[in-house]
Structures are given as structure tokens and as C-alpha cells.
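The values are calculated or read from the model by the stated rules, or taken from the named source; none is laboratory data. All of these numbers come straight from a predicted model, not from anything done at the bench. Heads up, the Cβs are rebuilt from the backbone with ideal geometry, glycines too, and the neighbour counts pull from every protein chain shown.
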């Protein structure tokens, strides 16, 4: 029989895995206006179980015995059926992850007001090291209609970041099925971390931003091949 082995995968490190699958469900209500009616999206959190050997000369990954997994059915697609706790807020975004609506309660959890988040793209708000996590979440959402993201960091307004997790659902307009948007239930899972450290240009004061941009442009001009004194023009 063939052996299961751990293959190199840039999307994962170590033995932990997480993915979403759609499973046929008899519990979903008829007439629900979301993408995968009749199915529930299930988040599967896994830990691979390798077959350990005590050889000091082994260089290849050990064979796998299997995996232990915890399956979590994601919340129902209707926001009205979800009880929002004090550490949660709801946003509505477009298919390119641009915020078009945000609950006012966000100001109690993050240092943004709802108006400040309007029109912003989640990729622009996300910490640079977590963009790949958000991208994977985005792709799964478009393919399956609902997804639970991994933990990722949203950049604070004036410095540092806050960890959140998002459950996103593609929702259809009840009157026009061609009109779709994405409802995001966001769970704030940490306080503001490193709030005194500026980590991104978006966290600089507005009156400083033009100066920073000019300095960057001046630096690029100095490095431009057109300004290379050793080069000749013919």
C-alpha cells in the first residue's frame, strides 16, 4: 500500500493544517439567499500524525500515519441569526474586499470609526506578513461561498496592529440574485499591540504623508538610470 508523506507546501509550516470544505446538509433552510444552498461550509483544523523513527540518517520527511481533525460548522449565513458578542463587529465588503458598510461598534474595538473604514480595502489594512492568509481566505470564499479566515493582523490607525479572525459569507440580494456582496463577521481576539510603533505609511499623520512621499520620489529619481552620470546619450 502507498504511504502518505509530507510534501513541501509553501502555504503551510509544520504539522498544522486548516481548510474549508462544503458538506451536504439537511439542516439548511430553503430559500436562504447564499451561494451554496443545501450545503454547510465546514472548517477543518488538522494536526498531521507522522510515524516517528529514531534514525539519525533520515533526510526525507517521515511517512504519515494519518491526521487528527476537528470539524467546525461555520455560522448560518443570515447575520440576523448570529448573536454578536461584545468583541465582534460586522462589515459588508465587495468582491475585491473593499469595505462598503461597517457597524459603528467598530470604534469600541479598533481605533477606527465606521466612516474611516468605508472605501478601504482589506488588503491595504492587513499586516504585510498576513496578506497570504487573507489571499487564501479570499480564494476559498469565492470558490465555496463561505470561509473562516486564519488569525490575521489589521494595522491600527496610529501604530501597531490588532489580531482578528473573520467569518465571511457570500450573500445574494433576495430581490435580485445577480446582486451579491460579502458579509463579514469579525472577531477581535487581541488588544492593540505595539500601538506606539509606526509599522506602515498609512499610520503616519496626514500632514507627514506628503513629505514622506516626496522623499521617496526624490530617492527614486536619484537612483534612476537617466541620472547616472557615467552613462552617455547618443
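Given the residues 65, 122, 109, 43, which is the only one that is buried (at least 16 other Cβ atoms within 10 Å of the Cβ), outside the structural domain of residue 142 (by TED's automatic domain parsing) and at pLDDT 75 or above?
From the options 65, 122, 109, 43, the qualifying one is 43.
Condition test on residue 35, is it at pLDDT below 65 and either touching a helix residue (DSSP H, G or I) at 6+ places or on another chain (Cβ under 6 Å) or surrounded by 14 or more Cβ atoms within 10 Å (Cβ to Cβ) (or both)?
Spelling it out, residue 35 is indeed at pLDDT below 65 and either touching a helix residue (DSSP H, G or I) at 6+ places or on another chain (Cβ under 6 Å) or surrounded by 14 or more Cβ atoms within 10 Å (Cβ to Cβ) (or both).
Quick check on my filter: what residues within the stretch 19-32 are at pLDDT 70 or above and either within 24 Å of residue 133 (Cβ to Cβ) or surrounded by 12 or more Cβ atoms within 10 Å (Cβ to Cβ) (or both)?
First, the residues of the stretch 19-32 that are at pLDDT 70 or above: 19-26.
Of everything in the stretch 19-32, those that are at pLDDT 70 or above and either within 24 Å of residue 133 (Cβ to Cβ) or surrounded by 12 or more Cβ atoms within 10 Å (Cβ to Cβ) (or both) turn out to be 19, 20, 21, 22, 23, 25.
Those residues that are touching a helix residue (DSSP H, G or I) at 6+ places or on another chain (Cβ under 7 Å), loosely packed, with under 11 Cβ neighbours inside 10 Å and at pLDDT 60 or above, I need them from the stretch 185-227; list them, please.
221, the sole residue that qualifies.
Can you tell me which condition residue 182 does not meet? The list is (1) modelled with pLDDT of 75 or more; (2) surrounded by fewer than 17 Cβ atoms within 10 Å (Cβ to Cβ); (3) in contact with a strand residue (DSSP E or B) (Cβ under 8 Å, 6 or more places away or on another chain), and all the others hold.
(2)
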